[in-house]
Amino acid sequence: MTDHDKAQPPVSDDVAAEQLAIRDDVRPCLCRVAASADGNLSPQLARLLLDTHTTIGDFALDVDNDAAFAAAAAQAGRRLHALGGAQHLAAMSHAAGYIDMILLHWPRPAVNPQWLLVACRSLLRNAGCLVIAARVGSEHRISRLSALRDAATTADLHLIDHIAAVNPASGTATRAATPPAAAQHRQHITGHDAAVATPLVPHTDLLIFATQAGPR
């Protein structure tokens, strides 16, 4: 993979980070990269995850056979096992405490999330991490990501990193004027010029959980 193909390091944007953060948790970093059309990670996001949270020779488990993740793992010198679905997690009991990274897509077919997260937790080594690649609609995004974070917490997994991937064409979150009538109403009540933040909408949220709180 050439440097041109790699995702640029996440760029902080204070306004967007406040808007996109899960309540009471770490601010996300923004990564401007196009979404894939097939439901897989983009090659840039896959490589960014591996470069940030694993090292050469680490063992990664891909629950959902993400093609881009498999290609990036091979190029980065990581050992990868494609599981072919969460129903096969029980067969991985021999690898308990051995896995450096698990990739899991969300949402997924009907499954008990608590069982799934506990099963993933049991496979991770002490410094390992679980990556959940979530694609959720903007209307209920915060509530659903918060529920996922809370379920992970009960499984003794701690959110240590959050990457919000947005399309490159998306503008930086800025202050945009409200319609005149609304502006006059707000100014009458608050005494301030009316302006609202125009939010960015991620196409993918990467939630990185570890068995121990704090950065890896």
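Numbers for the structure displayed
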| read-out | value |
| --- | --- |
| Dimensions in Å of the range 26-134 - Rg and Dmax from alpha carbons | 13.4, 38 |
| Portion, in percent, of the accessible area of the range 119-162 that falls on carbon or sulfur, probe 1.4 Å | 45 percent |
| Residue-span extension gain [residue 154 to residue 125] - 0.36 nm each, minus C-alpha spacing | 8.6 nm |
| Near-label residues of the range 59-80 by backbone N, under 19 Å of a point 7 Å along Cα→Cβ of residue 34 | 67-69, 71-72 |
| Heavy atoms of residue 211: accessible area, 1.4 Å probe, square angstrom to 10 | 10 Å² |
| Residues of the range 28-46 with amide N under 19 Å of a point placed 7 Å along Cα→Cβ from residue 95 | 41, 46 |
| Accessible area per residue, Å², the range 70-113 with all protein chains present, probe 1.4 Å | 50 Å² |
| Efficiency of FRET from Cβ geometry, residue 212 and residue 170, R₀ 35 Å, rounded to 0.05 | 0.55 |
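The values are calculated or read from the model by the stated rules, or taken from the named source; none is laboratory data. The model shown is predicted, which means the values in this text are computed figures rather than measured ones. A quick note on method: Cβ atoms are made from the backbone with ideal geometry, for glycine too, and the neighbour counts reach across all protein chains shown. Ligands, DNA and RNA are stripped out before the accessible areas are found, and what is left, the full protein with its side chains, is counted by its heavy atoms. Shrake-Rupley method; radii C 1.70, N 1.55, O 1.52, S 1.80 Å.
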